[in-house]
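Structure first, then comments.
The values are calculated or read from the model by the stated rules, or taken from the named source; none is laboratory data. All of these numbers come straight from a predicted model, not from anything done at the bench. Cβ: placed from backbone, ideal geometry, glycine included. Neighbour counts: every protein chain shown.
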Ligand SMILES: [Cu+2]
């Protein structure tokens with residue numbers, strides 16, 4: 001091979017090799033729920049798609065807006081809906097993880113300051129293979145949209 005082509009070739013190999021699995025785990029949508037100023041905790045909901053050939057597991061989340069962030073799920077126990085702290089969320093190969101108010105979610109505990117609408121909140125995600133990823137979500141009242149439309153309807 002001519003040196004120039006050899007170099008180009010090496011370059012392609014290297015950039016392929018340096019693609020981590022997480023280069024293909026992508027955030028497709030999400031938000032942090034806006035809460036009244038007096039509530040010190042809130043939750044983050046988002047969807048991650050895993051476009052890689054191996055399953056990954058989300059094992060930890062942290063954010064500079066809250067003292068603690070935990071992975072929670074919602075279970076029904078004898079007719080009572082309860083939140084449970086869990087060790088991780090699996091994201092199957094070529095599958096997705098969807099966090100929602102009625103299921104798996106990220107709990108943000110001990111907000112350092114009340115969040116304001118449209119504020120951008122950074123979350124650091126940590127996976128079981130040691131990879132890290134930072135996502136940014138807007139603060140939104142999304143879960144209350146139905147109630148608000150109802151309200152406007154009566155005007
Ligand atoms: Cu929770």
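Note down all Cβ pairs under 7 Å where the first residue falls in segment 88-111 and is near the ligand (Cβ under 10 Å from one of its atoms), the second is modelled with pLDDT of 95 or more and part of a loop (DSSP other than H, G, I, E, B), and they're at least six residues apart or on different chains.
Close Cβ pairs (under 7 Å, with a partner that is modelled with pLDDT of 95 or more and part of a loop (DSSP other than H, G, I, E, B)) amount to 105/99; 106/99; 107/41; 108/41; 108/63; 108/65; 109/41.
Checking residue 118 against (1) more than 16 Å from the ligand (Cβ to nearest atom); (2) on the phi < 0 side of the Ramachandran plot, which single condition isn't satisfied?
The failed condition is (2).
Taking interchain pairs and intrachain pairs at least six residues apart, which have beta carbon atoms under 6 angstrom, with the first residue in segment 126-139 and touching a residue at least 24 places away in the same chain (Cβ under 8 Å) and the second in a loop (DSSP other than H, G, I, E, B)?
Listed pairs, sorted by first residue: 131/20; 138/118; 139/34; 139/115; 139/117; 139/119.
Would you check if there is a residue in segment 13-21 being farther than 18 Å from residue 138 by Cα, more than 15 Å from the ligand (Cβ to nearest atom) and either modelled with pLDDT of 95 or more or touching a strand residue (DSSP E or B) at 6+ places or on another chain (Cβ under 8 Å) (or both)? Reasoning before the result, please.
Of segment 13-21, the ones farther than 18 Å from residue 138 by Cα are 13-21.
With more than 15 Å from the ligand (Cβ to nearest atom) added as a condition, the list becomes 13-21.
Within this subset, residues satisfying the condition of being either modelled with pLDDT of 95 or more or touching a strand residue (DSSP E or B) at 6+ places or on another chain (Cβ under 8 Å) (or both) are 21.
Yes, that holds for at least one residue.
Condition check: closer than 17 Å to residue 31 by Cα, over 17 Å from the mean Cα position of the chain (by Cα) and at pLDDT 95 or above. Does residue 114 satisfy that? First the steps, then the outcome.
Numbers: closer than 17 Å to residue 31 by Cα: yes; over 17 Å from the mean Cα position of the chain (by Cα): yes; at pLDDT 95 or above: yes.
Yes.
Could you check, for segment 69-81, whether at least one of its residues is in contact with a strand residue (DSSP E or B) (Cβ under 7 Å, 6 or more places away or on another chain), closer than 29 Å to residue 116 by Cβ and not in a strand (DSSP E or B)?
For segment 69-81, residues in contact with a strand residue (DSSP E or B) (Cβ under 7 Å, 6 or more places away or on another chain), closer than 29 Å to residue 116 by Cβ and not in a strand (DSSP E or B): absent.
One residue is enough: does segment 86-103 have a residue meeting the conditions in contact with a strand residue (DSSP E or B) (Cβ under 9 Å, 6 or more places away or on another chain), modelled with pLDDT of 95 or more and over 21 Å from residue 28 (Cα atoms)?
yes
Cβ contacts < 7 Å: first residue on the phi > 0 side of the Ramachandran plot and away from the ligand (no atom under 14 Å from the Cβ), restricted to segment 61-75; second residue modelled with pLDDT under 95 and part of a strand (DSSP E or B), any location; separation 6+ or different chain. Result?
Every condition considered, no pair remains.
Return the residues of segment 122-134 that are surrounded by 17 or more Cβ atoms within 10 Å (Cβ to Cβ) and more than 16 Å from the ligand (Cβ to nearest atom); say none if nothing qualifies. Talk me through it step by step, then tell me what you get.
First, the residues of segment 122-134 that are surrounded by 17 or more Cβ atoms within 10 Å (Cβ to Cβ): 123, 125, 127, 133.
Result: 125, 127, 133.
Within segment 25-42, count every residue that is without any contact (Cβ under 8 Å) to a residue 60 or more places away in the chain and either surrounded by 14 or more Cβ atoms within 10 Å (Cβ to Cβ) or under 12 Å from the mean Cα position of the chain (by Cα) (or both).
Number satisfying all stated conditions: 2.
For segment 43-76, give me each residue that is surrounded by 14 or more Cβ atoms within 10 Å (Cβ to Cβ) and farther than 19 Å from residue 134 by Cβ.
If the condition is that a residue be surrounded by 14 or more Cβ atoms within 10 Å (Cβ to Cβ) and farther than 19 Å from residue 134 by Cβ, then 55, 72, 73, 74 are the ones that fit.
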